[in-house]
1. Among the candidates GLY89, GLY42, which residue alone is among the small types (Gly, Ala, Ser) and modelled with pLDDT under 95?
2. Is it true that THR33 is farther than 26 Å from ALA93 by Cβ and in contact (Cβ under 8 Å) with a residue 60 or more places away in the chain?
3. Can you confirm whether segment 69-76 contains a residue that is out of contact with any Ser or Thr (no Cβ under 6 Å at 6 or more places or on another chain), surrounded by 15 or more Cβ atoms within 10 Å (Cβ to Cβ) and in a helix (DSSP H, G or I)?
4. Restrict the check to segment 37-49 and report whether at least one residue is surrounded by 12 or more Cβ atoms within 10 Å (Cβ to Cβ) and touching an Asp or Glu at 6+ places or on another chain (Cβ under 7 Å).
5. If I filter segment 104-127 for residues that are at pLDDT below 95, under 30 Å from THR33 (Cβ atoms) and touching a Ser or Thr at 6+ places or on another chain (Cβ under 8 Å), do I get at least one hit?
6. Just one of ARG4, ARG10 is under 16 Å from the mean Cα position of the chain (by Cα), surrounded by fewer than 21 Cβ atoms within 10 Å (Cβ to Cβ), in contact (Cβ under 8 Å) with a residue 60 or more places away in the chain and part of a helix (DSSP H, G or I); which is it?
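The values are calculated or read from the model by the stated rules, or taken from the named source; none is laboratory data. Remember, it's a predicted structure, so these values are computed and weren't measured experimentally. Here the Cβ positions follow ideal geometry from the backbone for every residue, glycine too, while neighbour counts run over all protein chains shown.
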Amino acid sequence: MSQRADALARRLEEGAALLGTFAEGLSESEWNTRLREGRTVGVIVHHVASLYPIELDLARTIASGKPVTAITWEGVHAMNAQHAREQAGVTKAATLALLQRNSREAAAAVRRFSDAELDAAAPLSLAFGAPMTAQFALEDHAVRHAWHHLARLRAALGR
């Protein structure tokens, strides 16, 4: 196993664990708090949990040297809005189980990346077509995602 891949996987696991611990300690009222953007805290935690497979597919595509051209920020926003509608009543228990399962599977998948795959670069439409490495894609999406939303949720709830 690549030491770099293992380090990335550990950071992914740490972020997911921190988000899970935070979410587990939320009251029902906090879980259902609607943020300025319109999504509830619970929907955002579910959003992080549900995106791990997609984020890993993105990194695998780049690792194979193929460009990622079909993903746009408009599409990401539409996907997030659809997810919010579909998961409006998501429960904490179901979300925490999904977060644990998907982050565990994502970390295992990250550990399977070789150094050569992490170093592979291909154009990424979310980065305006600039060539990005698979490692960057992992760090900017699957690894960072829980940390990013945890910080936003803590700020929104004053925790």
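1. GLY89
2. No: the conditions fail for THR33.
3. no
4. yes
5. yes
6. Testing whether each residue is under 16 Å from the mean Cα position of the chain (by Cα), surrounded by fewer than 21 Cβ atoms within 10 Å (Cβ to Cβ), in contact (Cβ under 8 Å) with a residue 60 or more places away in the chain and part of a helix (DSSP H, G or I) leaves just ARG10.
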